[in-house]
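A.B. asks: This structure is in structure tokens; I'll ask about it shortly.
The values are calculated or read from the model by the stated rules, or taken from the named source; none is laboratory data. Just so we're clear, the structure is a prediction, and the values are computed from it rather than from any experiment. All Cβ positions, glycine included, derive from the backbone under ideal geometry; neighbour counts span all protein chains shown. The area values use the complete protein model at the heavy-atom level, side chains included, leaving out ligands, DNA and RNA. Shrake-Rupley method; radii C 1.70, N 1.55, O 1.52, S 1.80 Å.
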Amino acid sequence: MDDSAETALRWSRDCAREAGIRTVTTGTGAALRLLAAAADAKAVAEIGTGTGVSGIYLLHGMRPDGVLTTVDLEPERQTFARQAFRAAGFAGNRARFIPGRALDVLPRLADGGYDLVFCDGDLMECLDYLAESLRLLRPGGLVCFEGVFADGRTVDSSLQPSEVLRLRELLRTVRESSTLVPALLPVGDGLLCAVKRG
């Protein structure tokens, strides 16, 4: 990535820190960029815009004519992301910002219209995100979930909060699915990826 992208990433991370939002790590970002490039992604849906950190990585991996559709409950965060994308050198038409709750927005997106869906939203809704992602993805498309290690709590045998139990259910569902080819990448706080079979 060039200097403008690195500067935009630093600024986005600073905004997120001030707002108390966790962002993807550099390793997770690099994996997302690689996956978007490997998928030759022209259309990507992102659940959880944040301040634009993951979006910058995704856009860098996507085709030059690709469009990122990003959904977040907080329009203010999307304003930061819009500025970050511009600072990173992306034209305004490369991203479509939709404010709102993901499960209200996703049903309005086109069936089979996406190459990659990146989920970094409410952990309690992860199984619903998976169901929507399977509808949104073209055959051979990728779905990715950020934060599935939950700081190591998904493998901890002690009593866990409901978010962690939901993540375990997501991991089990993806592993047992006959329509998905999954891999758990040990970057950041765990990146669960799965390819939708044709």
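A.B. asks: In whole angstrom, how long is each semi-axis of the equivalent ellipsoid of segment 1-50, when you take the square root of 5 times every eigenvalue of its Cα gyration tensor and sort them from largest down?
C.D. replies: 21, 14, 10
A.B. asks: In µm²/s, what is D for the chain at 10 °C and 1.306 mPa s, where D = kT/(6 pi eta Rh) by Stokes-Einstein and Rh is the Kirkwood radius from Cα pairs?
C.D. replies: Rounded, D is 96 µm²/s.
A.B. asks: Which whole-number value in Å² is the accessible area per residue of segment 57-198, probe 1.4 Å?
C.D. replies: On a per-residue basis, segment 57-198 sits at 47 Å².
A.B. asks: Mind checking the dipole of the chain: about its Cα centre, +1 per Lys or Arg Cβ, -1 per Asp or Glu Cβ, Debye to the nearest 20?
C.D. replies: 420 debye
A.B. asks: Can you pull the percent of the chain's accessible area that's carbon plus sulfur, 1.4 Å probe, other chains left in place?
C.D. replies: Result for the chain: 53 percent of the exposed heavy-atom area is carbon or sulfur.
A.B. asks: Work the Kirkwood hydrodynamic radius out for segment 1-91: mean of 1/r over every pair of different alpha-carbon atoms, inverted, in Å.
C.D. replies: 12.8 Å
A.B. asks: If I ignore ligands, DNA and RNA and count only protein heavy atoms, how much of R33 is accessible to a 1.4 Å probe, in Å² to the nearest 10?
C.D. replies: Counting only protein heavy atoms, the figure is 80 Å².
A.B. asks: Okay, moving on. For the pair D104 and E18, what calculated FRET efficiency results from E = 1/(1 + (r/R0)^6), where r is the Cβ-Cβ distance and R0 = 30 Å, to the nearest 0.05? Write out the running numbers ahead of the final one.
C.D. replies: Numbers: r = 28 Å, r/R0 = 0.92.
Step by step, r from the Cβ atoms, then E = 0.60.
A.B. asks: From the residues L123, G152, I56, which one has its Cα farthest along the dipole of the chain in the positive direction, the dipole being from +1 and -1 charges on Cβ of Lys/Arg and Asp/Glu about the Cα centre?
C.D. replies: It is I56, whose Cα lies furthest towards the positive end.
A.B. asks: If one computes the Cα centroid of segment 151-195 and of segment 2-50, what distance in Å separates the two points?
C.D. replies: 21 Å
A.B. asks: Next up: Based on the Cβ-Cβ distance of L127 and D156, what FRET efficiency does E = 1/(1 + (r/R0)^6) give at R0 = 35 Å, to the nearest 0.05?
C.D. replies: E between L127 and D156, to the nearest 0.05, is 0.95.
A.B. asks: May I ask for log10 I(q)/I(0) of segment 107-195 at q = 0.15, 0.19, 0.25 Å⁻¹, from a Debye sum over the Cα atoms as equal point scatterers with solvent left out?
C.D. replies: Debye output, listed in q order: -0.53, -0.82, -1.33.
A.B. asks: Continuing with this model, one more query. Report the residue, chosen from E46, E125, E18, that carries the largest GNM mean-square fluctuation when the chain is represented by alpha-carbon nodes joined by springs under 10 Å.
C.D. replies: Looking only at E46, E125, E18, the largest GNM fluctuation is found for E18.
A.B. asks: Using DSSP, restrict attention to beta bridges with both residues in the chain and report what percent are antiparallel, rounded to the nearest 5. It would help to have the intermediate numbers written out before the result.
C.D. replies: Values: 11 of 30 bridges.
Beta bridges within the chain, antiparallel portion: roughly 35 percent.
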